[in-house]
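Data first, discussion second: the structure below is written as structure tokens.
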Amino acid sequence: MSPIAEKHKITVEEAIEHLISRAENPRGLTGADIAGRVSATLNKYLLNDSPNAAHTEIEEFVHDIRADDLCLIVACEKGDEKAWDDLVANFDSTVKSAARKISSNNEDAEDLASSIWAELYGLRTDADGNKKSKLAYYSGRGSLAGWLRAVVSQLAVDQFRKQSKFVQTEDDREFENLANEVAASDHNHFATHGENPEELFAQGQAESDVSEALQVAIGELAAEDRLILKLYYFDDLKLKDIAATFGYHEATASRRLTRVQSEIRKGVEKELKTRHGWTDAEVKRHLSDTATSLGLNLETMFAVLTLAVLMQDFWT
């Protein structure tokens, strides 16, 4: 982590103290307790690209950080049992709802939700015996509920990859980069190789192709259609709530979501064939086989992959 430049220190310190004062429940924390997290976030998302940012820009950036959510997470990291009780009480339903949305059955959803709390608490340790918790990656820039849904989704994607012998994720890789690290460095295509397609898929080439095709398909959607996807998959809104957001009937929202899902699937299939050299038979066989190996139907698999792509925008 780069240190805050001397010329910004006073502004940052004042902004951090104001952040603490904004929290309805600062949980006994001081500015010094959150200074490291806020400074790292400032460096990464503002000062690295704009080292000469104005004081007002820094103040506005810190002002947008969710004070109560950040204080809750930092307090949990410090071992505050009351903070942990509040985190579970307030967000267990969020975690379980996200787990149910991307799991094939209730049993898997319960297992996934339980795994999330273990990941957050930090049951694993590093080489020095320190706890490794994903709480360290919450910056306060977005809602804690949305971030937790991202944690659920990424853990689900990782588990699916492991179960289907996809490329393994590295324990020390930064959490927000998980959605980007989906394949090995060799990106050769089916059309130029005589190897068994199943072997190529297991090595990660096919997953990389699908991921790239999905990003293109989503990128070609209208802005409102992408927003609908985000509200449905990422923000976990019900169709009636999405309909109310845009001012139309729930049935219209349902039809629109169905249409967007269909466009994504068609776009992915087209991209796989035109850009990556997949044949019709390979598209049909490998997408179906992959979904089956994950214990999902094809629609659910596309939902999981779509969510992974949407999260790339969340982290960046």
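The values are calculated or read from the model by the stated rules, or taken from the named source; none is laboratory data. From a predicted model like this one, the values you see are computed outputs, not experimental measurements. No Cβ is skipped: glycine too gets one built from the backbone with ideal geometry, and neighbour counts run over all protein chains shown.
Listed conditions (1) closer than 17 Å to TYR138 by Cβ; (2) free of Cβ contacts under 8 Å to residues at least 60 places away in the same chain are all met by LEU46, apart from (1). Output the number of residues of segment 1-24 satisfying the condition of being exposed (fewer than 14 other Cβ atoms within 10 Å of the Cβ) and in a loop (DSSP other than H, G, I, E, B). Residues meeting the conditions: 5.
Results for (1) of a type outside the set (A, V, I, L, M); (2) at pLDDT 85 or above, shown as yes or no for each residue.
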residue	(1), (2)
ASP108	yes, no
ALA113	no, yes
LYS131	yes, no
SER139	yes, yes
GLY142	yes, no
LEU148	no, yes
VAL157	no, no
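Taking the numbered list (1) modelled with pLDDT of 50 or more; (2) under 24 Å from ASP111 (Cβ atoms) in turn, ILE242 passes all entries but (2).
Please list, ordered by residue number, the helices (runs of 4 or more DSSP H) wholly in segment 208-295 having 2 or more residues that are closer than 28 Å to LEU148 by Cβ and of a type in the set (Asp, Glu).
Hits in segment 208-295: 223-229.
Among the numbered conditions (1) buried (at least 18 other Cβ atoms within 10 Å of the Cβ); (2) in contact (Cβ under 8 Å) with a residue 24 or more places away in the chain, the only one that ALA40 does not meet is (1). The number of residues in segment 49-78 being in a helix (DSSP H, G or I), of a type in the set (Asp, Glu) and within 15 Å of SER39 (Cα to Cα) comes to 3.
Just a yes or no: is a residue in segment 89-103 assigned to a loop (DSSP other than H, G, I, E, B), in the same structural domain as SER115 (by TED's automatic domain parsing), more than 20 Å from GLY142 (Cα to Cα) and modelled with pLDDT under 95? Yes, segment 89-103 contains at least one residue that is assigned to a loop (DSSP other than H, G, I, E, B), in the same structural domain as SER115 (by TED's automatic domain parsing), more than 20 Å from GLY142 (Cα to Cα) and modelled with pLDDT under 95. Criterion first (touching a residue at least 12 places away in the same chain (Cβ under 8 Å), at negative phi and in contact with a helix residue (DSSP H, G or I) (Cβ under 7 Å, 6 or more places away or on another chain)) does LEU237 satisfy it? No.
Tell me, please, whether a residue that is under 30 Å from GLU107 (Cβ atoms) and at pLDDT 85 or above can be found in segment 295-311. No: zero hits.
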